[in-house]
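Working notes, structure below.
The values are calculated or read from the model by the stated rules, or taken from the named source; none is laboratory data. Since we're looking at a predicted model, the values are computed, not measured. Cβ placement follows ideal geometry from the backbone for every residue including glycine, while neighbour counts extend to all protein chains displayed.
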């Protein structure tokens with residue numbers, strides 16, 4: 001496959017995540033009212049998806065190491081399409097949560113395989129640059145999803161907004177079936193053998209390079225999840241913006257993310273990986289401190305909150321491509337399992353954060369401040385310590 005085709009396929013596959021989350025966020029208040037659901041139950045449409053996404057990767061990763069990336073991606077996209085249609089047709093919050101769980105599990109198959117493709121084709125340093133390019137494309141999708149979701153939900157309701165996810169799934173499935181070629185050249189026939197799986201997972205977890213980059217990815221996603229999970233309630237219910245206005249705010253965040261991925265590629269060429277991560281850590285810490293200071297000072301507004309988050313989102317565009325590529329770097333023969341474990345840990349943290357938020361959202365800005373401050377601190381400390389100590393991947397396979 002041509003390099004540009006690989007980047008496009010990666011962007012579309014990994015893009016399932018923002019399409020599954022960002023696009024429907026402006027619809028949450030209307031969805032809650034239409035289905036007579038509490039804030040806590042509505043949160044489970046997000047946290048349920050992410051928990052299923054995280055747990056399922058532990059199976060999909062070894063499965064793709066055994067049978068290849070292509071069949072797992074096709075299976076995952078087929079199930080995702082069925083679940084997306086089920087979400088549109090849901091008439092109760094319980095049914096919607098169930099379909100979202102299936103959506104998350106099938107999304108795990110696609111994204112785990114896509115991340116493993118990077119290690120199949122590239123060494124870690126080049127893989128970070130390729131992942132950064134694909135995440136620029138992901139950022140473009142994340143940029144358009146919130147305003148599109150806000151526009152559709154404001155004019156035609158949340159079902160129409162979720163129908164656009166069905167269209168995206170159909171297009172991605174068609175392209176993968178048509179153009180994606182298998183990248184796994186040495187399948188592992190024992191990858192699904194339980195003792196083998198446990199041994200590989202243990203090797204992955206014990207590797208210091210994996211732990212450094214996995215924690216970097218985990219903390220970065222934790223910050224983003226806090227912001228996404230609270231955004232509709234903070235900006236619509238507390239600060240009284242419209243769904244469409246929230247969509248444009250989330251779109252501007254995606255532009256900052258795209259900027260971060262571009263900066264990432266530039267800094268990688270100029271100063272190397274460790275210094276790039278250290279600089280991004282400074283940006284993350286500064287953003288967390290500024291946001292907490294504004295909220296506790298009582299002078300936070302929609303504009304000031306957005307401006308305070310911009311440095312964090314730019315840093316996210318640096319942390320994620322390096323973190324996700326670096327986590328699988330030491331495991332050329334078990335890239336699926338390493339990708340799965342990294343994704344599982346990310347989603348486990350997101351689910352725990354979502355569970356905390358479901359009990360903490362109280363009509364104020366403090367849950368946002370607390371969540372961003374916690375994960376921003378973890379992110380910065382990881383960037384300045386573990387990544388600096390163990391950032392050069394040494395092959396373990």
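Just a few scattered comments:
- Subset of segment 173-186 [surrounded by 13 or more Cβ atoms within 10 Å (Cβ to Cβ) and closer than 17 Å to residue 330 by Cα]: 184
- Number of the exception - residue 85 against (1) touching a helix residue (DSSP H, G or I) at 6+ places or on another chain (Cβ under 8 Å); (2) free of Cβ contacts under 8 Å to residues at least 24 places away in the same chain: (2)
- Per the listing 116, 52, 128, the residue uniquely crowded, with 19+ Cβ neighbours inside 10 Å, under 19 Å from residue 217 (Cβ atoms) and without any contact (Cβ under 8 Å) to a residue 60 or more places away in the chain is 52.
- In segment 198-217, residue farthest from the chain's Cα centre (by Cα) [restricted to those that are surrounded by fewer than 20 Cβ atoms within 10 Å (Cβ to Cβ) and in contact (Cβ under 8 Å) with a residue 12 or more places away in the chain]: 203
- The set of residues from segment 231-248 being touching a residue at least 60 places away in the same chain (Cβ under 8 Å) and surrounded by fewer than 21 Cβ atoms within 10 Å (Cβ to Cβ) comprises 236, 237, 238, 239, 241, 242, 244, 245, 248.
- Just one of the listed residues (96, 138) is in a helix (DSSP H, G or I) and modelled with pLDDT of 80 or more, namely 96.
- The lone exception for residue 191 - which of (1) farther than 27 Å from residue 284 by Cα; (2) out of contact with any helix residue (DSSP H, G or I) (no Cβ under 6 Å at 6 or more places or on another chain) it fails: (2)
- Per-region count, segment 32-46, residues part of a helix (DSSP H, G or I) and surrounded by fewer than 24 Cβ atoms within 10 Å (Cβ to Cβ): 9
- Where a residue in segment 349-375 is part of a helix (DSSP H, G or I) and its partner, wherever it lies, is surrounded by fewer than 18 Cβ atoms within 10 Å (Cβ to Cβ), with Cβ under 7 Å and at least six apart: 358/40; 367/360; 369/296
- Residue match in segment 68-76 (condition: in a loop (DSSP other than H, G, I, E, B) and under 30 Å from residue 325 (Cβ atoms)): yes
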